[in-house]
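Engineer: After the C-alpha cells below, expect a handful of questions from me.
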Amino acid sequence: MMKDPLFQALRLGALTLPNRIVMPPMTRSRASQPGDEANALMAEYYAQRAGAGLIVSEGTYIAPLGKGYAWTPGIHTPAQVAGWRKTTDAVHAAGGRIFAQLWHVGRLSHASLLGGGQPVSSSPIQAVGVNVFIAGEDGRTPGFVQASAPRALSVDEIGEVVEQYRAAARNAMAAGFDGVELHGANGYLVNQFIDSNANTRTDEYGGTLENRLRFLGEVAQALIDGSGDASRVGIRLAPLTTLNGCVDADPETTYLAAAKLLGELGVGYLHIAEADWDDAPLMPAAFKRKLRAAFPSVLIYAGKYTAARAREAIAAGWADLIAFGRPFVANPDLPQRLRTGAPLAEHDRATLFGGGARGLTDYPALAESLA
C-alpha cells in the first residue's frame, strides 16, 4: 500500500513533524483585556489542535504601533510573554509544535487602536476601502471601520522596527515557542515595502527591487538573531494576492527574488498564501516550480486546499506542507478526519472574531460528535 503523502514525517530544523498538515495563523480576537494577553482559553484552543504537524499562532503584534485589530494578542510586554507561555506549555503537553507569527500591520490600523496615534507604513498611502476590526466607543461593541491614513517611517524608525522584531523573536523563544514566522503577506507592513504600488520611497528602502526587499531581508536576519537559529524562522508571503490593497507590478520577478534572498539567509521555511476567496485564480504550477527551484528549504502552501489537492501538491514535489485554515476552526481533530476521509464540520462565521469559548473551543472532535 502506498504511503499517504499527508502523513509522512518531515524534518524542520531540530523538529520532526509527524505529518504534513499545518494549522496556519488565524486572527480570533480573544486576548484578555486590558493588556492584549494570551490566556487560558486560547491555550485550550491551540492544544485541542496539537495533532497538526505544525501550528502557527494567530498574529501577535510586536510593538504598540504594530496593532491593527481589537483584542489581538501582543508579544512585547512581560505579561504578554507570560500569557503565551500558557499556550506553548499546553500545546507541548499535548504533543504538538508551535511557532509564533510575528505581526506588524503597518497602515492597516486605526487611530483608536493606537491611542490616537497615526499608523505607519513604507509610504503615506492610505489603504482605501480596507476595513479593520475595532472595539466601539464603549470598549466592547466591535465593528469594522476604514483604516486610518498612515505616515511614512523615517530611516531611523525603520531601524527601530527591525529591533522590535529582534526583541519579539527573543520574547517568543522565552515564551516557549518552537520558532517564529514573519507575517510578510496580506498587505501588512513588510508587504507594504515589497510591493511596488505600496512603496513610493526614494531612499534605500524604495525604488529598485533590491531596495524594496531590503526591509524584508533586515527583518528576517533580526528574527534569525533573536531566535538563535535560522531553521526556527519561517516567512509568510503572498506573491499573487492583492489583499488589503498591496499590488506589485511584476510579482513573479519580485517574489522569486524574495525567495532567493531568504534562501541565502537560510530560513527554515516559506509559507505561501494563495488567494482563497471564491473564484480566485489558482497560482500557476509553473510559478510554484520556480519557487521550489529558488528556495532550498521547506515550502508550505495555504489557500482552500482539499485533502486531495494537498496530496497532489506534496506528491508533485513543489510543496512540503499544506496549511488548512478554516477547516481547523470547526475540526479540532482535522488530521484524523483527513486521514480517514471523515466529514468536516462547518464553522460559525458569527463567532470568528471576539467573544468567548463559543465558536472557539466548543467544536467537538468527531468521536464526540457521533456519541
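The values are calculated or read from the model by the stated rules, or taken from the named source; none is laboratory data. Bear in mind that the values here come from a model prediction, so they are computed numbers and not experimental data. Counting neighbours? That spans all protein chains shown, and the Cβs are built from the backbone with ideal geometry, glycine included. Ligands, DNA and RNA are stripped out before the accessible areas are found, and what is left, the full protein with its side chains, is counted by its heavy atoms. Shrake-Rupley method; radii C 1.70, N 1.55, O 1.52, S 1.80 Å.
Engineer: I'm told THR72 meets every condition in (1) over 18 Å from the mean Cα position of the chain (by Cα); (2) open to solvent by less than 10 Å² (accessible area, probe 1.4 Å); (3) not charged (D, E, K, R) except one. Can you identify the failing condition by its number?
Structural biologist: (1) is the only condition that THR72 fails.
Engineer: Any residue at all in the stretch 135-146 that is touching a residue at least 24 places away in the same chain (Cβ under 8 Å) and touching a Lys or Arg at 6+ places or on another chain (Cβ under 8 Å)?
Structural biologist: no
Engineer: Now for a different question. Hey, can you tell me all the residues within the stretch 187-200 that are in a loop (DSSP other than H, G, I, E, B), open to solvent by less than 30 Å² (accessible area, probe 1.4 Å) and out of contact with any Phe, Trp or Tyr (no Cβ under 6 Å at 6 or more places or on another chain)?
Structural biologist: First pass over the stretch 187-200, keeping only residues in a loop (DSSP other than H, G, I, E, B): 187-188, 195, 199-200.
Checking which are open to solvent by less than 30 Å² (accessible area, probe 1.4 Å) leaves us with 187-188, 195, 199.
Scanning the stretch 187-200 gives GLY187, TYR188, ASP195.
Engineer: Counting only residues that are in contact with a strand residue (DSSP E or B) (Cβ under 6 Å, 6 or more places away or on another chain) and closer than 28 Å to GLN33 by Cα, which one in the stretch 152-170 is surrounded by the fewest Cβ atoms within 10 Å (Cβ to Cβ)? First the steps, then the outcome.
Structural biologist: The initial filter retains those residues of the stretch 152-170 that are in contact with a strand residue (DSSP E or B) (Cβ under 6 Å, 6 or more places away or on another chain), namely 153, 168-169.
Filter once more, so that each one left must be closer than 28 Å to GLN33 by Cα: 168-169.
Details: ALA168: 30, ALA169: 28.
Checked the stretch 152-170; the qualifying residue surrounded by the fewest Cβ atoms within 10 Å (Cβ to Cβ) is ALA169.
Engineer: Turning to a different aspect of this structure: Within the stretch 230-250, how many residues turn out to be over 16 Å from the mean Cα position of the chain (by Cα) and buried (at least 24 other Cβ atoms within 10 Å of the Cβ)?
Structural biologist: Counting residues in the stretch 230-250 that are over 16 Å from the mean Cα position of the chain (by Cα) and buried (at least 24 other Cβ atoms within 10 Å of the Cβ) gives 1.
Engineer: Go through the stretch 3-18 and give me each residue that's in contact (Cβ under 8 Å) with a residue 24 or more places away in the chain, in contact with a strand residue (DSSP E or B) (Cβ under 8 Å, 6 or more places away or on another chain) and either more than 17 Å from ARG232 (Cα to Cα) or aromatic (Phe, Trp, Tyr) (or both).
Structural biologist: LEU6, the sole residue that qualifies.
Engineer: At positive phi and modelled with pLDDT of 95 or more: is that true of GLY206 in this structure? Spell out the reasoning first.
Structural biologist: Numbers: at positive phi: no; modelled with pLDDT of 95 or more: yes.
When the stated conditions are applied, GLY206 does not pass them.
Engineer: Still on this structure, I have one more. Scanning the stretch 347-367 for residues that are farther than 19 Å from ALA90 by Cβ and over 22 Å from the mean Cα position of the chain (by Cα), which turns out modelled with the lowest pLDDT?
Structural biologist: That would be ALA367.
Engineer: I'd like the full set of residues that are open to solvent by less than 10 Å² (accessible area, probe 1.4 Å) and in contact with a Ser or Thr (Cβ under 9 Å, 6 or more places away or on another chain), limited to the stretch 45-54.
Structural biologist: The initial filter retains those residues of the stretch 45-54 that are open to solvent by less than 10 Å² (accessible area, probe 1.4 Å), namely 45-46, 49-50, 52-54.
Within the stretch 45-54, TYR45, TYR46 meet the criteria.
Engineer: Looking at the stretch 201-213 only, could you name the residues that are of a type in the set (D, E, K, R), surrounded by fewer than 18 Cβ atoms within 10 Å (Cβ to Cβ) and part of a helix (DSSP H, G or I)?
Structural biologist: The one that is of a type in the set (D, E, K, R), surrounded by fewer than 18 Cβ atoms within 10 Å (Cβ to Cβ) and part of a helix (DSSP H, G or I): GLU210.
Engineer: Moving on to the next point. Give the stretch 19-44 a look and list any residue that's crowded, with 23+ Cβ neighbours inside 10 Å and closer than 23 Å to ARG339 by Cβ, or say none.
Structural biologist: Result: ARG20, ILE21, VAL22, MET23, PRO24.
Engineer: Still on this model: Consider the stretch 51-82. How many of its residues are assigned to a helix (DSSP H, G or I) and touching a Phe, Trp or Tyr at 6+ places or on another chain (Cβ under 8 Å)? Reasoning before the result, please.
Structural biologist: Step one: list which residues in the stretch 51-82 are assigned to a helix (DSSP H, G or I), which gives 64-66, 78-82.
Then keep just the ones that are touching a Phe, Trp or Tyr at 6+ places or on another chain (Cβ under 8 Å); that gives 66.
Count: 1.
Engineer: Before we move on, is THR253 among the hydroxyl-bearing types (Ser, Thr, Tyr), open to solvent by less than 20 Å² (accessible area, probe 1.4 Å) and in contact (Cβ under 8 Å) with a residue 24 or more places away in the chain? Reasoning before the result, please.
Structural biologist: Numbers: among the hydroxyl-bearing types (Ser, Thr, Tyr): yes; open to solvent by less than 20 Å² (accessible area, probe 1.4 Å): no; in contact (Cβ under 8 Å) with a residue 24 or more places away in the chain: yes.
Against the criterion (among the hydroxyl-bearing types (Ser, Thr, Tyr), open to solvent by less than 20 Å² (accessible area, probe 1.4 Å) and in contact (Cβ under 8 Å) with a residue 24 or more places away in the chain), THR253 does not qualify.
Engineer: Next question. Could you please give the count of residues in the stretch 258-267 that are open to solvent by 30 Å² or more (accessible area, probe 1.4 Å) and either among the polar types (S, T, N, Q) or at negative phi (or both)? Write out each step before concluding.
Structural biologist: Step one: of the stretch 258-267, the residues open to solvent by 30 Å² or more (accessible area, probe 1.4 Å) are 260-261, 264-266.
Applying the additional criterion that residues be either among the polar types (S, T, N, Q) or at negative phi (or both) yields 260-261, 264-265.
The number of residues fulfilling the criteria is 4.
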